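Trainee: Pasting in a structure now, in structure tokens, and then I'll have a few things to ask.
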Amino acid sequence: MLEEFRNHINNNLPFLKESKLLIAISGGLDSVVLTHLSHSLNLNITLAHCNFNLRGSESDADETFVNALAKQLDTEVFIESFNTTAYAKTEKLSIQMAARELRYDWFKDLSENLSFDYILTGHHADDNLETFFINLTRGSGLTGLIGIPEVNDVIVRPLLPFSRDELETYAKVQHLKWKEDSSNASDNYLRNKLRHHIIPQLKGITPELLSNFNKTVSNLKDTADIVDESLNAVAKRAIADIDEQQVKFKFSEFIKVNNPKAYLYEMFKDYGFTEWNDIIGLLKAQSGKQVLSKTHRLIKDRKHLILTNRSDNVIQNDSKEPLVIKDLSASVETSFGSLRFDCVAVMSKDSKTKIFIDKDKLKLPLQLRRWEKGDLFYPSGMNGKKKLSKYFKDEKYSLIDKENTWLLCSEDDIIWIIGGRTDNRFKVTKDTKQILKITLTNEK
């Protein structure tokens with residue numbers, strides 16, 4: 001197996017040979033074999049072990065075993081102890097999910113702080129098969145059926161082509177020792193039920209199950225490449241605009257395709273959405289309709305579906321209280337930038353970040369506030385007044401644009417729609433004695 005592993009690294013993962021590697025080691029068969037194989041190839045490895053304190057003295061024995069193995073191989077090792085049960089309770093997670101979060105968060109912290117290039121895990125072909133069936137029972141899409149990726153950002157799984165039987169045979173031939181996790185014998189978890197009951201029966205019926213599965217995964221990956229190519233073509237046509245706050249998609253492009261739901265799923269699946277019937281309903285919904293996930297929201301606007309980060313909106317929309325500006329001699333810090341007030345002798349053309357007004361027409365204190373229904377102003381360069389709602393429509397503001405609009409006001413009169421038009425009532429004229437320049441800087 002060592003030669004097969006060497007060939008696999010040389011042919012498929014050659015970047016590992018010149019990299020600083022962190023091996024996630026539990027003390028079980030797979031991570032122990034991965035450690036020995038990597039050590040035999042003289043890869044630059046360091047070990048990292050998590051003690052989740054879930055199995056009492058058994059967890060401590062695993063830690064002792066890993067320390068001894070590191071000493072035997074003359075390899076550096078990091079050990080971290082977690083109160084997994086308390087974390088799971090606080091974060092409202094299952095024990096399995098809590099352990100996963102703690103493990104990968106710590107590995108990535110080590111990787112970033114100590115400049116490891118990659119984190120290696122001992123996942124093998126049987127793990128991949130189990131993951132396939134788990135995803136199948138959950139109604140997964142194509143990505144879930146492909147199984148565990150061999151390379152996912154900094155996570156690399158060099159043992160995926162090898163079966164558990166191959167690992168165990170290698171370990172016994174090499175007289176390696178490993179620790180058995182007693183929880184693996186329990187049928188409390190779906191993965192263990194599949195491992196102990198379902199998959200052995202399938203292997204009994206089809207001895208070539210793993211080999212056939214690997215061929216299926218390879219075929220599915222080829223299909224996924226075709227899907228990605230088609231998806232990228234639709235995305236290229238559909239994406240109308242991208243900025244720090246939002247991504248706009250022309251929903252007409254989704255209507256044109258044969259299966260809009262499939263394209264919407266592939267386009268937005270990574271943003272936590274689950275209500276796919278509601279999302280496809282957005283294509284025919286009225287403006288303002290939205291679908292929420294824990295992290296994002298998708299909004300139907302006039303001609304677009306707008307994807308925005310939900311947490312960003314929460315932060316911005318929390319700032320609904322008006323900001324009172326009593327002193328024009330100091331800069332005013334806001335959630336969207338800094339406002340500065342300067343008296344100048346000469347003015348230039350207004351822009352999105354600077355305006356010029358007649359200072360004597362102001363009545364302090366000024367007020368910086370969100371726009372409200374019924375607001376109106378006298379747009380610069382026009383005669384008469386206009387409702388802000390009509391202005392937004394004419395200027396093609398999206399729902400997100402309107403949510404993030406701020407007004408600078410003198411008493412009840414609008415001076416400036418920040419980033420937009422000024423009000424005629426404050427314009428500089430031939431009778432103006434003091435020209436006030438208002439500048440928005442460090443716009444966020």
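Trainee: Taking the residues in the range 223-240 that are among the charged types (D, E, K, R) and out of contact with any helix residue (DSSP H, G or I) (no Cβ under 6 Å at 6 or more places or on another chain) as candidates, determine which candidate is farthest from Phe251 (Cα to Cα).
Mentor: Within the range 223-240, the first condition is being among the charged types (D, E, K, R), and the residues that meet it are 225, 228-229, 236-237.
Right, trim to out of contact with any helix residue (DSSP H, G or I) (no Cβ under 6 Å at 6 or more places or on another chain) and you get 225, 228-229, 236.
On the way: Asp225: 24, Asp228: 19, Glu229: 19, Lys236: 13 Å.
By that ranking, first place goes to Asp225.
Trainee: Let me ask something else about it. Which of the residues spanning the range 374-399 are surrounded by fewer than 11 Cβ atoms within 10 Å (Cβ to Cβ) and polar (S, T, N, Q)?
Mentor: Asn383
Trainee: Related question: Just checking, does the range 126-139 include any residue being in contact (Cβ under 8 Å) with a residue 60 or more places away in the chain and among the basic types (Lys, Arg)?
Mentor: Checking the range 126-139: not a single residue is in contact (Cβ under 8 Å) with a residue 60 or more places away in the chain and among the basic types (Lys, Arg).
Trainee: Being free of Cβ contacts under 8 Å to residues at least 40 places away in the same chain, surrounded by fewer than 19 Cβ atoms within 10 Å (Cβ to Cβ), more than 26 Å from the chain's Cα centre (by Cα) and within 23 Å of Gln72 (Cα to Cα) narrows it down to one of Lys172, Lys177, so name that one. Quick ask: steps written out before the conclusion?
Mentor: Values: Lys177 fails: free of Cβ contacts under 8 Å to residues at least 40 places away in the same chain.
Answer to the check: Lys172.
Trainee: Output the number of the condition that Ile134 fails; it satisfies all remaining conditions of (1) farther than 19 Å from Asp181 by Cβ; (2) of a type outside the set (S, T, N, Q); (3) in a helix (DSSP H, G or I).
Mentor: Of the numbered conditions (1) farther than 19 Å from Asp181 by Cβ; (2) of a type outside the set (S, T, N, Q); (3) in a helix (DSSP H, G or I), the odd one out for Ile134 is (1).
Trainee: Within the range 38-77, how many residues turn out to be without any contact (Cβ under 8 Å) to a residue 12 or more places away in the chain and either of a type in the set (A, V, I, L, M, F, W, C) or assigned to a strand (DSSP E or B) (or both)? Break it down stepwise before answering.
Mentor: So the first thing to find is which residues in the range 38-77 are without any contact (Cβ under 8 Å) to a residue 12 or more places away in the chain, and the list is 42, 56-57, 59-60, 64, 68, 71-72, 74.
Now drop any that are not either of a type in the set (A, V, I, L, M, F, W, C) or assigned to a strand (DSSP E or B) (or both), which leaves 68.
Residues flagged as without any contact (Cβ under 8 Å) to a residue 12 or more places away in the chain and either of a type in the set (A, V, I, L, M, F, W, C) or assigned to a strand (DSSP E or B) (or both) within the range 38-77 amount to 1.
Trainee: Restricting attention to strands (runs of 3 or more DSSP E) lying wholly within the range 196-308, give those where 3 or more residues are surrounded by 14 or more Cβ atoms within 10 Å (Cβ to Cβ) and at negative phi.
Mentor: Values: elements: 239-242, 246-250, 290-292, 296-300.
It comes to 246-250, 290-292, 296-300.
Trainee: Now for a different question. For the range 47-63, give me each residue that is more than 28 Å from the chain's Cα centre (by Cα) and either of a type in the set (Lys, Arg) or at pLDDT 95 or above (or both). Talk me through it step by step, then tell me what you get.
Mentor: Going through the range 47-63, the residues more than 28 Å from the chain's Cα centre (by Cα) turn out to be 53-63.
Hit for the range 47-63 is Arg55, nothing else.
Trainee: Moving to a separate point now. Among the residues of the range 369-394, which ones are more than 30 Å from Leu298 (Cβ to Cβ), not basic (Lys, Arg) and not in a loop (DSSP other than H, G, I, E, B)?
Mentor: Going residue by residue through the range 369-394, those that are more than 30 Å from Leu298 (Cβ to Cβ) are 376-386.
Now narrow it down to the ones that are not basic (Lys, Arg): 376-384.
Leu376, Phe377, Pro379 - these are the residues of the range 369-394 that are more than 30 Å from Leu298 (Cβ to Cβ), not basic (Lys, Arg) and not in a loop (DSSP other than H, G, I, E, B).
Trainee: To continue, here is another question. So the check is Cβ under 8 Å with 6+ separation or different chains; which pairs have a first residue in the range 262-284 that's in contact (Cβ under 8 Å) with a residue 12 or more places away in the chain and a second one that's aromatic (Phe, Trp, Tyr) and surrounded by fewer than 16 Cβ atoms within 10 Å (Cβ to Cβ)?
Mentor: Leu264/Trp276; Tyr265/Trp276
Trainee: Output the residue which, of all residues in the range 144-182 that are assigned to a loop (DSSP other than H, G, I, E, B) and among the aliphatic types (A, V, I, L, M), is farthest from Ala224 (Cα to Cα).
Mentor: If we filter the range 144-182 for residues that are assigned to a loop (DSSP other than H, G, I, E, B), which is where we start, we get 147-150, 153-154, 157-163, 174-181.
Imposing the further condition that a residue be among the aliphatic types (A, V, I, L, M) reduces the set to 148, 154, 159-160, 176.
On the way: Ile148: 14, Val154: 22, Leu159: 22, Leu160: 19, Leu176: 39 Å.
Of everything passing the filter in the range 144-182, Leu176 is farthest from Ala224 (Cα to Cα).
Trainee: Among what's in the range 80-98 and is surrounded by fewer than 15 Cβ atoms within 10 Å (Cβ to Cβ) and among the aliphatic types (A, V, I, L, M), pick the residue that is farthest from Ile45 (Cα to Cα).
Mentor: Among them, the one singled out is Ala86.
Trainee: Looking at the range 395-444, what strands (runs of 3 or more DSSP E) fall wholly within it and have at least 2 residues that are under 28 Å from Asp301 (Cβ atoms)?
Mentor: Numbers: elements: 406-410, 413-417, 435-441.
Because the criterion is at least 2 residues that are under 28 Å from Asp301 (Cβ atoms), the strands (runs of 3 or more DSSP E) in the range 395-444 that meet it are 406-410, 413-417.
Trainee: Identify, by number, the condition in (1) basic (Lys, Arg); (2) at positive phi; (3) touching a Phe, Trp or Tyr at 6+ places or on another chain (Cβ under 9 Å) that Lys359 doesn't meet.
Mentor: The one condition Lys359 does not meet is (2).
Residue-by-condition table, conditions (1) free of Cβ contacts under 8 Å to residues at least 12 places away in the same chain; (2) more than 24 Å from Asp241 (Cβ to Cβ); (3) more than 33 Å from the chain's Cα centre (by Cα); (4) open to solvent by 30 Å² or more (accessible area, probe 1.4 Å):
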site	(1), (2), (3), (4)
Ser348	yes, yes, yes, yes
Asn404	no, no, no, yes
Arg425	no, yes, yes, yes
Thr429	no, yes, yes, yes
Ile438	no, yes, yes, no
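Trainee: Turning to a different aspect of this structure: Open to solvent by less than 20 Å² (accessible area, probe 1.4 Å), of a type in the set (Asp, Glu) and within 28 Å of Asp301 (Cβ to Cβ), is that true of Asp358? Outline the logic, then answer.
Mentor: Numbers: open to solvent by less than 20 Å² (accessible area, probe 1.4 Å): yes; of a type in the set (Asp, Glu): yes; within 28 Å of Asp301 (Cβ to Cβ): no.
No.
The values are calculated or read from the model by the stated rules, or taken from the named source; none is laboratory data. Predicted, not measured: the structure shown is a model, and the values here were computed from it. Backbone-built Cβ (ideal geometry, glycine too); neighbour counts: all protein chains shown. Surface accessibility is based on the protein's heavy atoms, side chains included, excluding ligands, DNA and RNA. Shrake-Rupley method; radii C 1.70, N 1.55, O 1.52, S 1.80 Å.
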